[in-house]
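Report on one structure; see the data block that follows.
The values are calculated or read from the model by the stated rules, or taken from the named source; none is laboratory data. Small disclaimer: the values here were computed from a predicted structure and weren't measured. Here Cβ is always computed from backbone atoms with ideal geometry, including for glycine, and neighbour counts include all displayed protein chains. Accessible surface is based on the protein model in full, side chains and every heavy atom, while ligands, DNA and RNA are left aside. Shrake-Rupley method; radii C 1.70, N 1.55, O 1.52, S 1.80 Å.
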Amino acid sequence: MTLRSPDLRPQDEVMMYLSTLGTVISPRQVHGVDIVIDRDDIASRTFGDGVILTSEGFIGTIQVADCYPVLLSGSSPAPWRLLLHSGFKGTVDNIVLAGWRRLLKTTDVDVELSRAWIGPGIGSCCYRRKSNDPWTDKAMRLLERNFWRRDGDSVWFDMASAIRSQIEGLGIDPNNIAVHGECTLCNSSRYLSYRSGDKESRMVFFSSIDATFDAYL
Ligand SMILES: [Zn+2]
């Protein structure tokens, strides 16, 4: 579902809609690895790039435009959701692992019955960074060699594959990992894409425990 209004940014309109359905947890994303938990005091919008849900009545949200939305979920021994904003920095810093560790401190998790979904984001076809950049250097040090390739002054990154590898590293069955696979920049007529010019507008990924709704707007 896409909501568009001449007066509101898409994400603001989506938030207004979601707030009619439950208590929305919408962290201020800073390309870090901190996680917000529904049990915490969430009266104010705290900083974070992930949301853990273990209680009904909450809707976790992550905003993206080229960065990858990631959902880990399970219902054993009790329902839980882990929503992550895994952009370039989040992937280099392995927010998947940071979120998972926080999750394990928060609730019991049956790894064998856990599932993962990697949403649409900027693909290896389009994601190029300058080689003379500290974060590019860091990424080449921390990400496995098969997730990037150098081409002159540029380095190309395959973020979705790197994220998938990180999720597999948690012990989640590869058969339980779904990858959306579409590039947001190649398909910017359908997705919001920062690199195609959507500097302020974001897509909203949301999930909830009580929900029969897990969706991507
Ligand atoms: Zn592309």
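DSSP beta bridges confined to the chain are antiparallel in about 75 percent of cases.
Here's how it looks for Ser207: its modeled amide H is under 5 Å from those of Gly60, which are all 5 or more places away or on a different chain.
Once you sort the root eigenvalues of the Cα gyration tensor of segment 133-206 as a ≥ b ≥ c, which label holds: rounded (a/c under 1.5), prolate (a/b larger than b/c) or oblate (the other case)? Since a/c reaches 1.5 but b/c is at least a/b, the shape of segment 133-206 is classed as oblate.
Using only side-chain charges placed at the Cβ, +1 for Lys and Arg and -1 for Asp and Glu, the dipole size of segment 34-85 relative to its Cα centre rounds to 120 debye.
The gain in end-to-end length when the Leu21 to Leu104 segment is fully stretched comes to 27.1 nm, 0.36 nm per residue minus the alpha carbon separation.
Whole number in Å², please: accessible area per residue of the chain, 1.4 Å probe, ligands, DNA and RNA not counted.
Accessible surface, normalised per residue, equals 48 Å².
For an R0 of 35 angstrom, estimate the FRET efficiency from the Cβ-Cβ distance between Leu142 and Lys199 and round to the nearest 0.05. With R0 = 35 Å, the Cβ-Cβ based efficiency is 0.80.
Comparing Thr54, Thr20, Thr136 in a Gaussian network model of the chain where C-alpha atoms under 10 Å apart are linked, the largest mean-square fluctuation is found at Thr20.
When only Cα pairs under 8 Å and 6 or more residues apart are kept, what is the percent relative contact order across the chain? In percent, rounded to a whole number, it is 24.
What does DSSP give for segment 1-122 in terms of the percent of beta bridges that are antiparallel, rounded to the nearest 5?
The answer is about 70 percent antiparallel.
Only lysine pairs 8 or more places apart, or on different chains, with alpha-carbon atoms under 22 angstrom apart are counted in the chain, and they number 5.
The alpha carbon centroids of segment 10-79 and segment 114-181 are separated by 23 Å. Legend: translational diffusion of the chain by Stokes-Einstein, Rh = Kirkwood radius over C-alpha pairs, 4 °C, 1.567 mPa s; D = 74 µm²/s. Solvent-accessible area of segment 64-217 (1.4 angstrom probe, protein heavy atoms only): carbon and sulfur portion equals 44 percent. Ellipticity at 222 nm from helices only: DSSP H runs of n ≥ 4 in the chain, each -39500 (n - 2.57), divided by the residue count, give -6000 deg cm²/dmol.
The GluC sites (Glu not before Pro) found in segment 135-217 that occupy coil by DSSP, while having at most 13 further C-beta atoms within 10 Å, are Glu144, Glu200.
Compactness of segment 59-161 is given as radius of gyration and Dmax, 15.4, 50 Å, from Cα positions.
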